[in-house]
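Everything below concerns the one structure shown next.
Nothing in this text is a laboratory measurement; each read-out follows from the coordinates by a stated rule. Values in this document were obtained by computation on a predicted structure and should not be read as measured data. Please note: Cβ atoms are built from the backbone with ideal geometry, for glycine as well, and neighbour counts cover all protein chains shown.
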Amino acid sequence: MTTAADRSLAGAPARAEGALSEAHVLFLVVLALTTVGILMVYSASRTVDPEGAGPHALRQACFAVVGLAAFVVGAMFPYRWLERGPSAVLVLLAAVALLGVVLVVGVGRGGSRRFLNLPWGLHFQPSELAKFAVVIFLAWWFSRSTARPRSFLRGFLPAVVVMAVVSGLVVKADFGTAALIGTVAVLLCLIAGWRWWYPALLVPPAALGFWVTVYRVPYRWERILVWLDPWKHYSDAGWHVCQSLMAVGSGGLLGLGPGAGIQKHYIPESTTDFIFAVLCEEMGILGGLLVLGLFGVLVWRGGRIVRRAPDRFGFLLASGLVLVIALQAMMNVGVVTGALPAKGISLPFVSYGGSGLVMMSFAAGLLASVGRAGERTSPLVHVPTSRAK
């Protein structure tokens with residue numbers, strides 16, 4: 001009889017018979033979330049003219065197909081290629097260059113330049129690439145043989161410079177994404193071995209940045225005031241949050257049914273930033289918990305991949321990818337439920353849009369790539385030796 005040891009020596013991962021690999025589980029979770037996204041985008045985009053929902057849903061379906069293909073590419077991609085110094089640096093430089101270009105020739109709404117125009121009416125959002133470029137660079141930086149995470153000059157300052165440059169380029173048009181990048185970077189640096197008190201050194205510059213980019217920007221400071229008491233600003237700045245809360249509350253346990261939502265007609269950005277409110281109205285609390293459960297599975301399996309990573313670079317890369325996906329989902333749901341101030345940040349795999357969906361899917365595939373390498377080199381699941389009958 002073939003034993004677990006025999007299979008390990010043959011190069012196959014030791015998993016219980018019939019068990020799905022981490023890559024398969026991640027793919028199924030991404031598939032489920034993108035399917036929910038297509039359905040919710042179709043429903044959320046139905047306004048006065050029900051036929052107007054078709055093009056949005058069709059585009060989202062196309063984005064989903066490309067995203068799933070990106071997942072497969074990411075899963076098959078040898079993640080160790082990114083460990084080579086020039087690769088990590090080039091990815092970061094490309095992201096920084098695109099962020100600079102979008103500030104000059106980018107398009108957006110309300111004077112906010114977030115997108116670059118592409119052929120066939122498509123757009124690309126460089127900040128979606130920047131999230132993962134920072135993770136890749138920091139994972140490479142702290143996995144080198146000469147890495148000194150506890151060193152102020154070689155561990156603290158280089159990471160802070162990268163955070164400051166990328167977040168500084170993003171914050172003018174998208175404070176939420178800039179905050180996400182900064183938070184993920186700090187947590188990843190702590191995981192890499194920063195001294196515990198290093199983040200305290202960032203408090204003064206962070207406070208100054210908050211004063212410049214939030215307090216002195218009227219509409220952003222207004223969001224803070226609305227967050228403290230949204231109903232006081234119901235008819236103006238608090239409209240988004242109040243309508244979102246009413247949508248979540250009106251869904252009850254089981255929801256009003258697919259396509260039957262009413263508040264979605266009054267929620268701005270219902271297909272993007274506030275799509276979770278539409279989901280809760282039509283699918284109820286159980287529908288919302290189902291989606292949160294899918295993210296929970298993704299984070300759980302991502303944590304397993306982190307623990308089984310075959311090398312330090314894979315460990316840090318997987319940690320950063322899980323942090324980006326998990327924290328972005330938490331931020332979006334926090335805004336929808338009023339737990340966090342309003343900010344323009346989408347729900348991964350679910351919100352309408354191509355750049356975010358494709359980049360998130362590729363990142364999940366890259367996480368699967370680390371998982372596949374971990375299963376090949378260090379199987380941790382014990383399979384009892386079969387007894388001969």
**OP:** With a Förster radius of 51 Å, plug the Cβ-Cβ distance of Leu153 and Ala237 into 1/(1 + (r/R0)^6) and report the FRET value to the nearest 0.05.
**Re:** 0.70
Original post:
Dipole of the chain (Lys/Arg Cβ +1, Asp/Glu Cβ -1, origin at the Cα centre): which of Met40, Ser235, Val73 lies farthest to the positive side?
Top reply: Val73
Subject >> FRET efficiency, His24 to Leu254 (Cβ-Cβ, R0 41 Å, nearest 0.05) >> reply: 0.85
**OP:** Using the number of other C-beta atoms within 10 angstrom as an exposure proxy, rank Phe124, Phe152, Phe63 with the fewest first.
**Re:** Phe152, Phe124, Phe63
Subject >> the chain: most fluctuating residue of Leu290, Leu153, Leu103 per GNM, C-alpha cutoff 10 Å >> reply: Leu153
**OP:** Output the direction-averaged projected area (hull surface divided by four) of the convex hull of the alpha-carbon atoms of the stretch 103-260, in nm².
**Re:** 14.1
Subject >> Cβ-based net charge around Ala237, under 9 Å, with every Lys or Arg adding one and every Asp or Glu removing one >> reply: -1
Original post:
Sorted from fewest to most neighbouring beta carbons within 10 Å, what does the list Val36, Val291, Val72 look like?
Top reply: Val72, Val36, Val291
**OP:** Would you list the P(r) distribution for the stretch 139-211, with all Cα-Cα distances sorted into 5 Å bins from 0 and each bin expressed as a whole %?
**Re:** 3, 16, 28, 25, 16, 9, 3, 0
Original post:
So how far apart, in nm, are the two label points at Arg84 and Val65 if each is 7 Å from Cα heading toward Cβ?
Top reply: 3.3
Original post:
For the chain, modelled as a GNM with alpha-carbon contacts under 10 angstrom, which of Pro204, Pro119, Pro348 fluctuates the most?
Top reply: Pro119
Original post:
For Ser355, Ser244, Ser21, what ranking results if the residue with the fewest other Cβ atoms within 10 Å of its Cβ goes first?
Top reply: Ser21, Ser355, Ser244
Original post:
How large is the dipole of the stretch 108-201 about the Cα centre if only Lys and Arg carry +1 and Asp and Glu carry -1, each at its Cβ, rounded to the nearest 20 debye?
Top reply: 200
Original post:
In the chain, how many lysine pairs have Cα atoms under 26 Å apart, counting only pairs 8 or more places apart or on different chains?
Top reply: 6
Subject >> Charge tally in the Cβ shell below 12 Å around Leu26, where Lys, Arg are +1 and Asp, Glu are -1, Leu26 excluded >> reply: +2
Subject >> Span per principal axis, largest first, for the Cα atoms of the stretch 21-163 (Å) >> reply: 60, 45, 25
Original post:
For the stretch 265-350, what are the per-bin percents of Cα-Cα distances with bins 5 Å wide, up to the bin holding the maximum?
Top reply: 3, 14, 22, 21, 15, 10, 8, 5, 2, 0
Original post:
From the square roots a ≥ b ≥ c of the eigenvalues of the alpha-carbon gyration tensor of the chain, which class results: rounded (a/c under 1.5), prolate (a/b over b/c), or oblate?
Top reply: oblate
Original post:
Want the number for Arg376 to Leu31: 0.36 nm per residue separation, take away the alpha-carbon distance, what's left?
Top reply: 121.8 nm
